[in-house]
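These notes are about the structure you will find just below.
The values are calculated or read from the model by the stated rules, or taken from the named source; none is laboratory data. Quick caveat: nothing in here was measured; it's all calculated off a predicted structure. Cβ atoms come from the backbone with ideal geometry, glycine included; neighbour counts cover every protein chain shown.
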Amino acid sequence: MKRWGLVPVVIVLLTLLFSPRTYGSEPWETRPIPLDVESGVICVLDGCMMNLSVCETLAADKLRVVIREKLFKEGFDKEETYAYLAEVYGDKVLAAPPKRGFNWVAWLGPFVATIGGGAFVYLGLEEWVGSSRREEDVAPLDPEDALRLDEELKKYL
């Protein structure tokens, strides 16, 4: 009989101990920011220009508060949060510049520079090497020198 009296107590204790916590039950001020959101932002408040996921300054903490407020209090998603931050702090707050306007230079510039530089080097080398191989630039050998060259080659061949 005494064993059955402990069963409800054990069930209640286990329920309290292992009760699933609902997501977001903690206050919005202390929720962790998802890493994919945090790594897409640059700390611009104090001019350190580090990625927010690794920045440890007080300005970074202030920026994290703004992000938490937008994500958890106001219900913004990742893109809406980025749009808000870009509106307030400018595009420099985003780790990857948006693909619009003059920012296309940041996206396409390295590819164009690499292809253009490669073409410049290729054409320059082709002209440099090609100019040294022209037959009209090579003076013919004197018959005496040609004979001496043939004799030397016969020694080694």
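Yes/no matrix, rows are residues, columns are (1) surrounded by 15 or more Cβ atoms within 10 Å (Cβ to Cβ); (2) closer than 23 Å to ARG31 by Cα:
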| residue | (1), (2) |
| --- | --- |
| VAL65 | no, yes |
| LYS78 | no, yes |
| THR81 | yes, yes |
| LYS92 | no, no |
| GLY101 | no, no |
| PRO110 | no, no |
| GLU127 | no, no |
| ALA146 | no, no |
What pairs can you find where one residue is in the range 28-41 and more than 19 Å from TYR89 (Cβ to Cβ), the other is exposed (fewer than 10 other Cβ atoms within 10 Å of the Cβ), and their Cβ atoms are less than 8 Å apart, with a gap of 6+ or different chains?
ARG31/GLY24
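For the range 81-140, name all the residues that are in contact with a Ser or Thr (Cβ under 8 Å, 6 or more places away or on another chain) and at pLDDT 80 or above.
ALA95
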